[in-house]
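The structure appears below as C-alpha cells.
The values are calculated or read from the model by the stated rules, or taken from the named source; none is laboratory data. Quick caveat, the model's predicted, so the values are computed rather than measured. Backbone-built Cβ (ideal geometry, glycine too); neighbour counts: all protein chains shown. Just so you know, the surface numbers come from the protein's heavy atoms only, side chains and all, with ligands and any DNA or RNA stripped out. Shrake-Rupley method; radii C 1.70, N 1.55, O 1.52, S 1.80 Å.
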Amino acid sequence: QVQLVESGGGLVQAGGSLRLSCAASGTISSINTMGWYRQAPGKQRELVATITRGGSTNYADSVKGRFTISRDNAKNTVLLQMNSLKPEDTAVYYCNVRILPYEYWGQGTQVTVSS
C-alpha cells in the first residue's frame, strides 16, 4: 500500500507563486514516474508535468516556462514550483506516482489564482 500526502495549495493573486509538495510512503520498491495533474471545474483531468526517475521532464504547453517539477528519490517526494500563476491555473492539483504496474493518486490540493 502506498500513501501520497500533498501540501502547498492555496489562494494567490495572478503573477504570484506557489509550491506543491507530494510525499509518498508505504511499501515502496522503486518509483518510476512522478507527476502532477489538475482538474478545473467542468473539465477533464489534465497532465501538468511529469518527471522520470532519471530526471527527464515533460510539461503541458500551458505551463512551460512557468512551472518546474523536481523530485528527491531518496525521500520519495515530488515538488512543483509554480511561478507567474494565471487565473486559468485554478484547479485541484493531484499528485501521481507510478510504481509499475500500479498507479497511485493523491487526494488533491486546491490552487486558486485570483485576477
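According to the square roots a ≥ b ≥ c of the eigenvalues of the Cα gyration tensor, what is the shape class of the chain, taking rounded for a/c under 1.5, prolate for a/b larger than b/c otherwise, and oblate for the remainder? Judged from the Cα gyration tensor, the chain comes out prolate (a/c at least 1.5, a/b above b/c). Within segment 14-112, which trypsin sites (Lys or Arg not before Pro) sit in a loop by DSSP and count at most 14 neighbouring Cβ atoms inside 10 Å? Those that pass, being in a loop and sparsely packed, are Lys43, Arg53, Lys64, Lys75. Summed over the residues of the chain and divided among them, the accessible surface reaches 53 Å² per residue at a probe radius of 1.4 Å.
Straight-distance candidates among the aspartates and glutamates for linking to Lys64, with alpha-carbon spacing under 19 Å and chain neighbours fewer than 8 residues away dropped: Glu46, Glu88, Asp89.
Here the Karplus curve 6.51 cos²θ - 1.76 cosθ + 1.60, taken at θ = phi - 60°, turns the phi angles of segment 97-112 into couplings of 10, 10, 10, 3, x, 9, 9, 10, 10, x, 7, x, 9, 7, 10, 10 Hz, with x standing for Gly and Pro. By accessible area, using a 1.4 Å probe on protein heavy atoms only, the chain has 47% of its surface on carbon and sulfur.
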